[in-house]
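Some notes on the structure that comes next.
Every number here is computed from the coordinates shown, using simple stated rules; none is lab data. Small disclaimer: the values here were computed from a predicted structure and weren't measured. Every residue, glycine among them, receives a Cβ derived from its backbone with ideal geometry; neighbour counts consider all protein chains shown.
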Amino acid sequence: MVLPFKHEPFTDFKVEENKKQLETALTAVRKELGREYPLVINGEKIYTDDKLVSINSANKEEVVGKVSKATKEHVEQAFEAAVKAYETWRKVPAEDRAHVLFRAAAIVRRRKHEFSAWLIQDAGKPWDQADGDIAEGIDFLEYYGRQMLELDQGKHVEDRITENNKYFYKAMGPGVVIPPWNFAFAIVCGTVAAPIVAGNPVLLKPSENTPVIAYKLVEVLEEAGLPKGVLNFVSGDPKEIGDYLVDHKDTHFINFTGSRATGVRIFERAAKIQEGQQHLKRVIAEMGGKDTIIVDETADLDLAAESIVHSAFGFSGQKCSACSRAIIHENVYDEVIEKSIEIAKTLTVGNPSEENVYMASVINQTQFDKIKNYIEIGKEEGELVFGGEADDTKGFFIYPTIFKDLDPKARIMQEEIFGPVVAFAKAKDFDELLEIANNTEYGLTGAVISTNRAHLERAREDFHVGNLYFNRGCTAAIVGYQPFGGFKMSGTDSKAGGPDYLQHFLEAKIVSEQF
Ligand SMILES: NC(=O)c1ccc[n+]([C@@H]2O[C@H](COP(=O)([O-])OP(=O)(O)OC[C@H]3O[C@@H](n4cnc5c(N)ncnc54)[C@H](O)[C@@H]3O)[C@@H](O)[C@H]2O)c1
Ligand SMILES: N[C@@H](CCC=O)C(=O)O
């Protein structure tokens, strides 16, 4: 008997005891910085000479950890282990598989602050964002465990006289999980836990930016009782092993989350049948966003400004769901911009290890340079009304940046920046607000701030995004409450944390017996 799913509560760091616990965890984690981590193949820990070096993006000198790099030979060994493990793991009762996830959730919950501390170091997340990321990871474990118990019952189909029909779900075979760095615990946890609880062994290739926290998850699942070979940790350079993982004949599914460019590449490659391959690969590709908040003339303007600013600048805009476009009715345009600037002025930028830092550094030099370049493009395309500063002397810091008066077709209105930059444009009526909101190739999240019921109902039908929010920001979906995934070039709309997600990793079978 498991309790009904409820999402993990967030930690209130205004409570002195909670604050102390996180500070203690940060001190403990600092003592571990610079350690070396192995690959894990068939339960064996393998240290290689060649390493991925993960650095603290807020302090470039600080090495978080050095993680072994898999070669193609390691990947081959991992496939062998996964193929072998499939024969036994798929026959382990669903209840026992679910219990591995529940035990893992309990382990992470007990060590929550330690995991947050690792995320603060490895991914540059401020305290509240790190805490939210870990809570989401726990939610995925709890939610997918319960989903598996439910799906294990199969679905009802009809019988005729002297006939018995059973419709049930079975595992599909080993697969590959390729996550991004920005939800370095939650997304890794969810994209690994779902196929595993469904009975499929996994090869996990973490992001090269955040391999340490991914390794910590592998340790937890091992401690929770996951048999060897079911989760193989093959960190490495995607240029060396990425295609090899995707193309492999034993890959049954690729559970990818990341940029549009990588997702499309994987989607195309996975379609090609390799020698010895006897199945079609499934691709789950959750990709980028160019997410929009629209504000009509009836809106609560304080709510509008709050929603835009926090959706745009939370975790420095490094969320696929981040608001990077604000489209405002012309009657309230100036006021919403003024209010947004006033809120943006209050945001603190600094080292995420410190308390009360709202925004920290962006993940690496490449992202820093890319965002800076977009700020220069924005200066050509619109008017810079707030921020625009960047400083990479110690870490990769970009300050909250607001542009106004953009043409909807401008590059900073169309291309994913993945940084703390939001662009405002004006529209004359609700039709135009919606038209601009829909005019990108992405379709991930969006929000409408309005008190007009007809406008909200119109948006429900015509605002073409996978996650649409009314009178709130467009980030922070909760597992089991707002399943997550986008339309158009934002991906395959797999709806992570939703009731249909596990079916991506299962095959439905019918057995019909005649008496
Ligand atoms: N839709 C969602 O749910 C969602 C969630 C989080 C992030 N994202 C998107 O992810 C992007 C940011 O993440 P990123 O910078 O890590 O993306 P990325 O595409 O650079 O990398 C994602 C993963 O793909 C791997 N990879 C890179 N090249 C590969 C190749 N040729 N073959 C196989 N794997 C390869 C990387 O090592 C990493 O593990 C943004 O576009 C963001 O919007 C989407
Ligand atoms: N699920 C997260 C976004 C994940 C992508 O970066 C949200 O809803 O904000």
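Can you give me the orientation-averaged projected area of the convex hull built on the Cα atoms of the chain, in nm²?
In nm², the orientation-averaged hull projection of the chain is 25.4.
Round to the nearest 10 and give me the degree value, 0 to 90, for the angle of helix 211-223's Cα axis relative to the longest principal axis of the chain.
Helix 211-223 sits roughly 40 degrees off the main axis of the chain.
Mind grabbing the base-10 log of I(q)/I(0) for the range 375-491 at q = 0.22 Å⁻¹? Debye formula, identical points on the C-alpha positions, no solvent, two decimal places.
The computed values of log10 I(q)/I(0) come out as -1.33.
Before rounding to the nearest 500, sum -39500 (n - 2.57) across all DSSP H runs of length at least 4 in the chain and divide by the residue total; then give [θ] at 222 nm in deg cm²/dmol.
-12500 deg cm²/dmol
State the extension gain, in nm to one decimal, for the chain segment bounded by Glu338 and Val2, taking 0.36 nm per residue of separation less the distance between their alpha-carbons.
Net length gain for the segment: 116.0 nm.
Subtracting the Cα-Cα distance from 0.36 nm times the residue separation, let me have the gained length for Glu87 to Lys31 in nm, one decimal.
Answer, rounded to one decimal: 16.0 nm.
If you bin the C-alpha pair distances of the range 39-174 every 5 Å from 0, what whole percents do you get?
2, 8, 11, 11, 14, 16, 15, 9, 5, 3, 2, 2, 1, 0, 0
Return the FRET efficiency for the residue pair Asn18, Lys370: r is the Cβ-Cβ distance, R0 is 51 Å, and the value is rounded to the nearest 0.05.
0.90
Could you give the angle, 0 to 90 degrees to the nearest 10, between helix 238-247's Cα long axis and the longest principal axis of the Cα atoms of the chain?
In the chain, helix 238-247 runs at an angle near 50 degrees to the longest axis.
Looking at the range 144-196, which trypsin sites (Lys or Arg not before Pro) are in a loop (DSSP not H, G, I, E or B) and have at most 14 other Cβ atoms within 10 Å?
Passing both the DSSP loop test and the Cβ count: Arg160.
Using only Cα atoms, tell me the angle between helix 365-381 and the longest principal axis of the chain; keep it within 0 to 90° and round to the nearest 10.
40
At R0 = 22 Å, how high is the FRET efficiency between Ala454 and Leu303 if r is their beta carbon distance? Nearest 0.05 is fine.
About 0.70, to the nearest 0.05.
How big is the gap, in Å, between the Cα center of the range 231-298 and the Cα center of the range 303-380?
One Cα centre to the other: 28 Å.
Test of understanding: what is the full-extension gain from Ala106 to Glu507, defined as 0.36 nm times their sequence separation minus their Cα-Cα distance?
Stretched out fully, the Ala106 to Glu507 stretch lengthens by 141.4 nm.
Cα convex hull of the range 46-103: mean projected area in nm², to one decimal?
Mean projected area of the Cα convex hull: 6.6 nm².
Within 11 Å, Cβ to Cβ, of Ile107, how many net charges do the neighbouring residues add up to if Lys/Arg are +1 and Asp/Glu are -1?
Residues near Ile107 contribute +2 overall.
First obtain the Kirkwood hydrodynamic radius of the range 231-272 from its Cα pairs, then insert it into the Stokes-Einstein equation at 4 °C and 1.567 mPa s, and state the resulting D in µm² per second as a whole number.
118
Rounded to the nearest 0.05, what FRET efficiency is calculated for Val157 and Thr393 with R0 set to 51 Å and r the Cβ-Cβ distance?
The formula returns an efficiency of 0.20 here.
The chain: longest stretch without exposed GluC sites (Glu not before Pro) (DSSP loop, at most 15 other Cβ within 10 Å), sites themselves excluded?
Free of exposed loop sites, the longest segment is 1-157.
Once you place label points 7 Å from the Cα toward the Cβ at Phe487 and Val264, how far apart are they in nm?
For Phe487 paired with Val264, the spin-label model returns 2.0 nm.
For the range 313-396, what ratio Rg/Rh do Cα atoms give with a Kirkwood hydrodynamic radius?
Dividing the radius of gyration by the Kirkwood radius yields 0.97.
Using alpha carbons only, what's the Rg to Rh ratio of the range 291-470 with Rh from Kirkwood?
My calculation puts Rg/Rh at 0.96.
Once you order the gyration tensor axes a ≥ b ≥ c over the Cα atoms, which shape class does the range 205-284 get: rounded for a/c under 1.5, otherwise prolate or oblate by comparing a/b with b/c?
Oblate, since a/c reaches 1.5 and b/c is not below a/b.
Find out how many positive minus negative residues lie around Gly382, taking Lys and Arg as positive, Asp and Glu as negative, among other residues whose Cβ is under 9 Å from that of Gly382.
Residues close to Gly382 contribute a combined charge of -3.
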